[in-house]
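Only one structure is covered here, and it is reproduced in the block below.
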């Protein structure tokens, strides 16, 4: 409840600020409603990030909730659109919606309305928002196939790393060391999230484990969808987790070099590290009861 109370203060603050710094036809109530929607979506679908966002300073919280909600909404397209042929159409809608923000005519969707308010105060790079959409679209059209660990890293860079870059832009922090650390952290977080969703995805006949490693170890997609653990599957998980851990270690090593005001933006490393440690403690078995129960 304390978190919600804090966020209500944020909405009042940002609505007042926007009326002074950006002339729009949007009322304070419209702004508050848009950001309230963003918070609820992040709390529902991305709770780990909801928790750490509450630790940020007031002037930054609302902006980052809007960015994180954009990630949630574009990520839900694959869950809500059942006909494959409609996926590119829906993703094109999001691309057009982002463009509407930069034409100062944002479409009437709460996430886009919130992003437009953020953009008015903290300019965001359009390319990063569009790259996130394109990366998700490539994933959906490609039927969730990752041929190698390099493909996993590319996906993570196109999603999680872009989010972290956008968060730094919202915080108005420009620093080469932060960019480098953010790239590694984004890859670590993105790959870890895919590992964390292995069982969920397998139940829906989606596989994000590298095809080349699965072939090498003799692991089949049917084995995954049936929920059958094996030492060979654990070997695949180990290889992927080791890649995520290497990126996490690089990001942590660089954390001392990033500006003091940027350190809070590295907080996603906490949940990522806890998950990877738990995976190691459970012999890289994603089907173990501890991992299935989220005991980490």
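No value in this document is a laboratory result; all are computed from the given coordinates. Bear in mind the structure is a predicted one, so any value in this text is a computation, not a measurement. FYI the Cβ positions are ideal-geometry reconstructions off the backbone, even for glycines, and counts take in every protein chain you see.
Length available on full extension from residue 92 to residue 138: 0.36 nm per residue minus the Cα-Cα distance, which gives 15.3 nm. Annotation for residue 264 and residue 57: the two label points, set 7 Å from Cα along the Cα-Cβ direction, are 0.7 nm apart.
If R0 equals 35 Å, the separation of the Cβ atoms of residue 121 and residue 82 corresponds to a calculated FRET efficiency of about 0.40. Just need the relative contact order of the chain here, percent rounded to a whole number, with Cα pairs under 8 Å and 6+ apart. About 16 percent, as a whole number. Rounded to the nearest 10 degrees, the angle from helix 176-196 to the longest Cα principal axis of the chain is 50 degrees.
Students often get this wrong: which residues of the stretch 231-260 have the backbone nitrogen under 17 Å from the point 7 angstrom along Cα-to-C-beta of residue 283? In the stretch 231-260, the label zone of residue 283 (backbone N under 17 Å from the point 7 Å along Cα→Cβ) covers 231-239.
Treating r as the C-beta distance of residue 230 and residue 44 and R0 as 30 Å, the FRET efficiency rounds to 0.35. Based on the Stokes-Einstein relation at 4 °C and a viscosity of 1.567 mPa s, and on the Kirkwood radius from alpha carbon pairs, the chain is assigned a translational diffusion coefficient of 65 µm²/s. In the chain, the longest principal axis of the Cα atoms and the axis of helix 110-121 are about 60 degrees apart.
For the stretch 48-90 versus the stretch 200-249, the inter-centroid distance based on Cα atoms is 26 Å. Figure legend: label point modelled 7 angstrom from the Cα of residue 200 along Cα→Cβ; no residues of the stretch 236-259 have amide N under 12 Å from it. The C-alpha atoms of the chain define a longest principal axis, and helix 268-281 lies at about 10 degrees to it. Each of residue 246 and residue 109 was given a label point 7 Å from its Cα along the Cα-to-Cβ line. The distance between the two points is 3.7 nm. With each run of n ≥ 4 DSSP H residues scored as -39500 (n - 2.57), what mean residue ellipticity at 222 nm is computed for the chain after dividing by its residue count and rounding to the nearest 500 deg cm²/dmol? Rounded to the nearest 500, the figure is -22000 deg cm²/dmol.
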